1. From the list 167, 162, which one is under 19 Å from the mean Cα position of the chain (by Cα), at pLDDT 95 or above, under 29 Å from residue 22 (Cβ atoms) and not in a strand (DSSP E or B)?
2. For residue 29, indicate whether it is in contact with a strand residue (DSSP E or B) (Cβ under 7 Å, 6 or more places away or on another chain), at pLDDT 95 or above and surrounded by fewer than 19 Cβ atoms within 10 Å (Cβ to Cβ).
3. Taking residue 231, is it over 25 Å from residue 2 (Cα atoms), modelled with pLDDT of 95 or more and in contact with a helix residue (DSSP H, G or I) (Cβ under 9 Å, 6 or more places away or on another chain)?
4. If residue 92 satisfies every condition in (1) surrounded by 15 or more Cβ atoms within 10 Å (Cβ to Cβ); (2) at pLDDT below 95; (3) within 24 Å of residue 218 (Cβ to Cβ) but one, which is the exception?
5. When you scan the range 205-261, how many residues do you find that are at positive phi and in contact with a strand residue (DSSP E or B) (Cβ under 7 Å, 6 or more places away or on another chain)?
6. Exactly one of these conditions fails for residue 85: (1) crowded, with 19+ Cβ neighbours inside 10 Å; (2) within 15 Å of the chain's Cα centre (by Cα). Give me its number.
7. Given the range 172-261, what strands (runs of 3 or more DSSP E) lie entirely inside it while holding 2 or more residues that are touching a residue at least 24 places away in the same chain (Cβ under 8 Å) and surrounded by fewer than 16 Cβ atoms within 10 Å (Cβ to Cβ)?
8. Which one is farthest from the chain's Cα centre (by Cα) among residues in the range 129-138 that are at pLDDT 95 or above and not in a strand (DSSP E or B)?
């Protein structure tokens with residue numbers, strides 16, 4: 001298995017995951033416009049027609065804003081929870097083939113897609129029925145954990161014994177607190193139990209899971225205003241006993257290139 005990020009942050013998110021030997025390819029979320037998504041896919045050496053499915057995490061625009069145009073143009077099935085579908089129903093474009101392209105699932109039910117075992121992970125976030133994912137190709141396991149307010153016991157259990165993890169490091173709490181552009185209410189929402197992971201909470205989750213097999217961690221969904229790559233690295237590095245070789249950071253503009261799991 002390998003994965004790559006098209007871009008990660010509050011302006012758009014998308015993660016490409018490919019099974020062993022290129023057997024199957026799924027896109028997790030797409031918060032980019034159609035042309036930009038196509039451009040970023042081609043920069044990674046993939047055509048939209050090579051995507052077998054899009055897995056949606058939740059209804060917020062930076063994750064779902066480009067999903068339906070991409071799926072409509074290239075006839076890509078979209079998998080999402082029942083709650084997410086209800087939340088985004090008003091923005092599904094007219095003419096979108098719902099019958100053929102929309103596939104709903106229960107947030108507690110494991111399913112197969114494009115040769116991968118997909119385990120949805122229900123998360124605490126201010127959305128209708130949000131999930132993150134663990135993907136398994138029978139050899140290795142990749143966890144994707146962005147957009148949640150805290151690491152519940154359920155989340156920690158789901159993320160144990162992974163080989164690679166994409167982990168939200170949305171904000172540095174100190175930078176968030178002194179940001180004058182954000183209202184007090186917005187700061188509370190971001191740092192709250194149903195908001196986003198700060199560097200410290202991300203490190204706590206990482207320290208709590210079974211890391212026996214974990215070799216790669218990608219810090220993701222960093223806020224341009226409230227975080228810095230070096231701060232995210234500094235928070236997570238101690239969990240690796242100070243060894244940074246397995247730690248990388250995805251950014252908004254360039255994402256991150258292919259990483260073999």
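The values are calculated or read from the model by the stated rules, or taken from the named source; none is laboratory data. Here the structure is a predicted model, which is why all the values come from computation and not from measurement. Glycine gets a Cβ as well: all are built from the backbone with ideal geometry, and neighbour counts include every protein chain shown.
1. Values: 167 fails: not in a strand (DSSP E or B).
Going through 167, 162 in turn, the sole match is 162.
2. So residue 29 fails the test.
3. Details: over 25 Å from residue 2 (Cα atoms): yes; modelled with pLDDT of 95 or more: yes; in contact with a helix residue (DSSP H, G or I) (Cβ under 9 Å, 6 or more places away or on another chain): yes.
Judged against the criteria, residue 231 is a match.
4. All conditions pass for residue 92, except number (3).
5. Looking only at the range 205-261, we keep the residues that are at positive phi, and these are 221, 241-242, 255.
If we keep only those that are in contact with a strand residue (DSSP E or B) (Cβ under 7 Å, 6 or more places away or on another chain) as well, we get 221, 255.
Number satisfying all stated conditions: 2.
6. (2)
7. Working: elements: 216-220, 247-249, 256-260.
The strands (runs of 3 or more DSSP E) meeting that bar are 256-260.
8. Here is the first cut: in the range 129-138, the residues at pLDDT 95 or above are 129-137.
Among the residues that remain, those that are also not in a strand (DSSP E or B) are: 129-130, 137.
Values: 129: 15, 130: 11, 137: 18 Å.
Checked the range 129-138; the qualifying residue farthest from the chain's Cα centre (by Cα) is 137.
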